[in-house]
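A.B. asks: Please find one structure pasted underneath; my questions will follow.
Only the coordinates and a few stated rules stand behind these numbers; no lab work does. None of the values given here were measured: they were computed from a predicted structure. With ideal geometry, Cβ positions are generated from the backbone for all residues, glycine too; neighbour counts draw on all protein chains shown.
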Amino acid sequence: MNTGLKIAAAAAVLSTAALYQDAQAKVNVNINLGAPVIVSSPAPVVVERHGPRRFVVDSRPRFLYTPSLGFYVSVGAPYDIIYYRDRYYIHDDGEWYRSSNYGGPWVIVRQGRVPGRITRYRHEDIRHHRDQEYRRAQSWERRDRPDERNRSDRDRRRDDDRPRWR
């Protein structure tokens with residue numbers, strides 16, 4: 001193949017690639033003017049995931065404040081959703097996602113942009129603390145409550161320690 005034909009082919013490829021600059025794929029163009037190289041299969045195309053991620057949450061989850069963590073964690077939701085400072089966070093497949101609403105849209109967020117209060121804990125530890133607080137909340141809610149007129153200061157102080165739901 002002569003050099004002029006190679007240059008024309010390369011120009012055609014580059015002009016076609018310029019028309020599709022909005023596509024979310026990486027293009028690798030290699031022009032070799034040396035000895036011919038036989039390529040048996042094309043290189044794989046890497047598609048990067050951009051845009052909002054869909055997490056389906058059918059109904060509003062309940063969030064339980066976990067004092068040992070310092071933030072709310074969802075209970076009974078299909079995902080471990082964290083609520084902290086008016087934002088919702090989900091960790092999925094090694095990536096963090098954030099939203100201003102539990103139903104989305106969810107956008108990817110860099111690890112460094114997730115509050116340190118959240119990232120200092122492993123997900124297993126977050127679940128463990130949430131489950132402990134949930135058991136405490138269930139126990140607290142099963143307690144018999146005395147009539148408001150007969151409540152002592154001790155009972156009122158105990159209510160200050162009640163589980164906090166959101």
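A.B. asks: Express in nm, to one decimal, how much length is gained between Asp93 and Ser139 on full extension, taking 0.36 nm for each residue of separation and deducting their alpha carbon distance.
C.D. replies: Computed gain between Asp93 and Ser139 is 13.2 nm.
A.B. asks: Going by C-beta contacts inside 10 Å, put Trp96, Trp140 in order with the fewest on the left.
C.D. replies: Final ranking by Cβ density, sparse to dense: Trp140, Trp96.
A.B. asks: Here is a further query. For the pair Lys6/Asn101, report the inter-label distance in nm, with labels modelled 7 Å from Cα in the Cβ direction.
C.D. replies: 5.6 nm
A.B. asks: Within the range 65-109, what residues put their amide N at less than 14 Å from the label point 7 Å along the Cα-to-Cβ vector of Glu124?
C.D. replies: No residues fall inside that zone.
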